[in-house]
Structure formats: C-alpha cells, structure tokens
1. Give the ranking of Arg220, Arg281, Arg68 by solvent-accessible surface, highest area first, calculated with a 1.4 Å probe.
2. Among the GluC sites (Glu not before Pro) in region 316-352, which ones are in a DSSP loop with at most 13 other Cβ atoms within 10 Å of the Cβ? Mind listing them?
3. Using a Förster radius of 35 Å, what is the FRET efficiency between Ser227 and His288 based on their Cβ-Cβ separation? Nearest 0.05, please.
4. For region 168-297, what is the charge dipole size about the Cα centre, in debye to the nearest 20, if Lys and Arg each add +1 at the Cβ and Asp and Glu each add -1 at the Cβ?
5. Quickly work out the Asp353-to-Asp168 label distance, labels modelled 7 Å from Cα along the C-beta direction, and quote it in nm with one decimal.
6. Mind checking the full-extension length gain between Arg122 and Glu319? Use 0.36 nm per residue of separation minus the Cα-Cα distance, one decimal, nm.
7. If DNA, RNA and ligands are ignored and the probe is 1.4 Å, what is the ranking of Val73, Val211 by accessible area, most exposed first?
8. Considering only protein heavy atoms, with the full assembly of protein chains and a 1.4 angstrom probe, order Arg197, Arg228, Arg318 by accessible area, largest first.
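The values are calculated or read from the model by the stated rules, or taken from the named source; none is laboratory data. Owing to the predicted nature of the structure, the values given are computational and were not obtained by experimental measurement. Methodologically, a virtual Cβ is constructed for each residue, glycine included, from the backbone with ideal geometry; neighbour enumeration extends over all protein chains shown. Just the protein is used for accessible areas: all its heavy atoms, side chains included, with ligands, DNA and RNA removed. Shrake-Rupley method; radii C 1.70, N 1.55, O 1.52, S 1.80 Å.
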Amino acid sequence: MNIRETNYWLETVLERVQGTPGPLPDTVDVAVVGAGFCGLSAARALAKRGVSVAVFEAETLGWGASCRNGGMVLTGMKLPVPTLIARYGLKTVQQMYAASLESIALVEQIVKDESIDCAFSRCGHLEVACKPRHFAGYAESAALIQREFGHELRIIPKNELRQEIGSDIYFGGLVDETSAGVNPAQYVNGLAKAAQRAGASLYEHARVTKVQPEVSNGARRFRVSTSRGSLLAREVILASGAYTTSVTLALRKKVIPIGSYIIATEVLPAGLARELSPRNRMIYDSKHFLYYYRLTPDNRMLFGGRAAFFPESESTVRESAELLRQGMIQVYPQLRETRVEFVWGGTLDFTFDVVPHSGKIDGMHFALGFAGHGVAAATWMGAKLAAVICGDLGNNPFSSIPFPGAPIGLRSGNTWALPLAGMYYRVLDYFT
Ligand SMILES: Cc1cc2nc3c(=O)[nH]c(=O)nc-3n(C[C@H](O)[C@H](O)[C@H](O)COP(=O)(O)OP(=O)(O)OC[C@H]3O[C@@H](n4cnc5c(N)ncnc54)[C@H](O)[C@@H]3O)c2cc1C
C-alpha cells in the first residue's frame with residue numbers, strides 16, 4: 001500500500017490562517033492555552049465583547065484534535081442517556097441534552113455569521129447495531145429521549161437498512177436527523193480567522209511553559225510564560241484538551257489521552273458513494289471500540305476507529321492503516337479493490353467518568369472531556385467560558401457535577417494501566 005501518512009482534511013484548507021506576528025504585549029485580559037475549537041470559540045466570543053485576549057498554541061492554529069477528527073457534529077453525549085440519568089438525575093441530564101442540541105445550533109450559527117466555507121450540512125447521523133440486543137435497546141432509548149427531552153429519533157429495522165447504508169452486517173439502526181457533518185480543518189481555520197477578525201491575538205509556536213499566580217498593582221494576575229515570551233493575564237483559560245501537559249498538572253491528571261485513527265480512500269465514483277451512504281449520514285456502530293465513518297464532500301470514504309489507550313505515534317498511525325482497511329472491508333466489501341490514500345491519528349480527550357467538565361482548577365478556567373463529541377461541544381463550552389468571564393454565569397450543567405480524578409496507579413499521570421482499560425472494553429464488546 002502506498003498511503004500518505006497525512007491528515008486528508010488539511011489538504012482541503014486553501015487559505016491557512018496566519019498567526020499574529022511580533023512580540024507579546026505586556027498584559028492581556030484573558031490568556032487562552034490551546035487553539036482548537038474550545039480555545040478559539042472562547043477567544044472569538046471574548047473579543048466580540050471587547051475583552052483583550054491572547055491565544056497560545058504550541059504548534060499551529062487548530063493543530064490538535066480539532067483538525068483531525070471525523071467532522072461529525074453529533075447530538076447527545078458519549079455515554080448512554082440511562083447511565084447519565086442514573087448518575088446525575090433527570091433534570092441535569094435534560095440540561096445536558098439540551099446543551100448538545102444548542103451546541104450544534106451554535107456551530108451552524110457561527111458558520112453562517114462568519115461565512116466559513118466548511119461544508120456544514122445537517123445530514124443526520126446513523127447508529128448501526130452490531131448485535132440484535134443492541135438493536136432491541138434502540139426502541140427503549142428512542143422512547144426515553146422522546147419522552148424526557150422531546151427529541152425525535154427514528155428506528156430503522158434491518159429490512160429497511162439498505163435505504164441508509166450499503167452494508168448487510170448490521171441488525172438495524174437509529175437515525176437522528178438533527179446531527180450534522182462538517183470539514184473540521186476548514187471549520188477550525190475559519191473559527192481562527194473569525195477570532196482574529198474580532199480582535200483576538202493568536203500566537204502560533206507559542207508553547208505555554210509555566211503559569212504562575214502573582215499579585216500586580218494589588219490585583220491577582222497570572223504570569224503566563226511561553227516559548228515566545230511572557231505576559232500578565234487577568235484570567236486564564238485552559239483549552240488544551242487531550243494534549244494537556246504537566247505544565248497544568250492538576251488538569252493533566254484528570255484527562256485520559258486516547259489515540260484514534262482515520263483512513264480516507266481515493267475519490268469514489270458517485271454511484272458507489274451513493275450506494276455506501278445513500279443519505280450521506282455520519283455513521284458509527286454500537287460497540288465500545290467502535291468504527292465511525294462517512295463520505296467526505298468529495299466522495300472519499302473516511303473510516304475511523306481503532307482507539308488505543310495511549311496517544312498516537314508514527315508507528316501506531318502506520319499500523320492502523322491496514323487494520324482500518326480490513327474493518328472497512330468488513331462493513332463494505334464493495335471497497336475491497338479501493339485504494340486507501342491517507343491515514344492519520346489524533347488524541348481524544350476522555351475523562352475518568354467519560355463526561356465533559358468545565359469550571360476552575362488552580363484559579364484557571366478549563367473545559368475538556370468531550371471524547372468523540374467535541375466538534376460541537378468544545379465550540380459551545382468555549383463560548384460558555386467566555387460568558388462566565390464576562391460575568392454571565394448562565395446555565396452550564398457540566399460545571400456543577402463532580403469531576404473525578406484518576407484511580408490509584410494513574411494518579412501521578414502514569415499511563416501503564418491504560419492498555420488494561422482497553423482490554424476491559426474489548427471484553428465488554430464481546431459479551432454485551
Ligand atoms: C481521530 C479523532 C476523531 C474524532 N472525531 C470526532 C467527531 O467525528 N465528532 C466529534 O464531535 N468529535 C470528534 N473528535 C473529538 C474532537 O475532535 C475533540 O473533542 C475536540 O477537537 C477538542 O477540541 P479542543 O479545542 O478541546 O482541543 P484540541 O483541538 O485538541 O486543541 C488543544 C490544543 O492545545 C494545544 N496545547 C496543549 N498544551 C499546550 C501548551 N502548553 N501551550 C500551548 N498550546 C498547548 C495543543 O497543541 C492543541 O492544538 C475526534 C477526535 C479525534 C482525535
């Protein structure tokens with residue numbers, strides 16, 4: 001196989017946003033660590049309210065998970081609704097679900113207001129059942145979501161599944177028409193341009209190496225040191241997601257970096273693309289170690305999965321290409337002779353309770369833990385953090401729930417136990 005180990009989405013960004021040149025100012029109202037959806041959405045919202053804001057990105061703007069993902073703009077959260085209700089109670093989960101719907105509307109609004117050319121489309125998502133018992137659970141979930149959240153999902157029995165997907169291996173499906181698809185690299189690039197237009201300064205290759213509270217002119221400030229110099233900030237937002245480092249150790253200990261990988265095929269003939277995904281849905285299956293896939297706007301099959309309980313590396317990316325191709329062929333035997341052109345990986349930001357969290361840690365604002373649902377949620381959470389800094393506390397159900405730390409053995413940031421967690425979920429997929 002002659003596959004390029006490169007992120008396909010980046011090839012579609014025609015005019016890459018340029019970071020702010022020159023030295024840093026002495027002071028700023030808000031310093032943001034990380035230029036992904038979360039940090040850039042916060043920066044845009046703050047700058048639009050007249051707050052001075054500097055975003056620091058260790059690599060290039062949008063470099064982290066935000067430019068590498070599947071571009072699925074999904075309703076709901078990673079965990080099933082009954083699990084969430086048992087944990088947090090109905091009222092809180094109603095607010096969480098409403099936030100997930102609101103977050104898709106926010107992405108749509110930003111794309112429209114800022115004229116971001118990123119193929120945003122409300123094409124809906126399809127979850128496909130890998131086992132008959134998974135399909136049986138769909139009716140219960142759909143009824144619960146309709147009754148408690150007033151949101152409609154559609155059950156697709158196996159004999160009608162060909163209207164949704166050109167594969168015969170599944171036992172039925174669940175469609176949510178509200179979900180959307182986007183080209184994530186074009187979206188994050190557009191979001192960065194929008195933040196810059198609103199007045200935010202965006203510093204690339206500016207790794208934050210230290211954040212220290214200090215008192216300046218009688219007021220509490222943070223001294224933010226970066227590889228491009230340092231400044232004083234009134235507030236700090238940590239939007240570093242799965243790439244959070246020990247510079248902010250308290251937060252680092254609460255995030256599990258999980259590798260996920262994607263391949264993209266050559267451009268498919270239009271008829272074949274239509275057969276594989278007749279309604280152009282964002283598709284994922286019902287396993288814990290799931291596959292997620294979709295057509296790109298230019299009709300490639302983009303196929304992701306093979307989560308690994310450690311961040312991606314050159315060798316895991318290379319190994320993933322053939323493993324994912326085998327997975328793709330199991331789903332779509334029609335693609336047996338199709339060439340895979342791209343493979344890449346990224347790191348997902350999981351928390352120990354698999355729920356997003358936001359709030360304050362060591363006096364700094366943060367939001368992370370979006371898992372595979374961060375395109376919309378990270379955008380929404382960034383805007384919420386900006387609102388809180390501007391004194392508008394609003395309603396954010398993810399800031400009022402307990403944020404558990406790591407179990408024993410992972411407390412010091414060790415990752416030796418993570419492959420065991422991976423094995424646990426593989427066993428769970430076998431038996432459930
Ligand atoms: C392969 C893959 C597929 C996915 N698919 C989907 C999907 O289809 N749908 C969905 O909703 N979600 C998906 N996700 C999840 C989603 O992409 C993330 O949840 C989301 O992008 C998180 O955004 P963020 O802004 O919080 O973090 P990121 O985009 O990861 O940005 C964090 C940034 O912080 C920077 N940083 C870290 N430390 C420092 C420092 N000390 N100084 C300066 N900068 C620093 C990093 O360089 C990075 O660029 C996927 C993720 C991956 C990896």
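1. In descending accessible area the options line up as Arg220, Arg68, Arg281.
2. Answer in residue order: Glu337.
3. 0.35
4. For this selection, approximately 840 debye.
5. That separation, rounded to one decimal, is 4.6 nm.
6. 67.6 nm
7. Largest accessible area first, the list is Val211, Val73.
8. Output order, biggest surface exposure first: Arg197, Arg318, Arg228.
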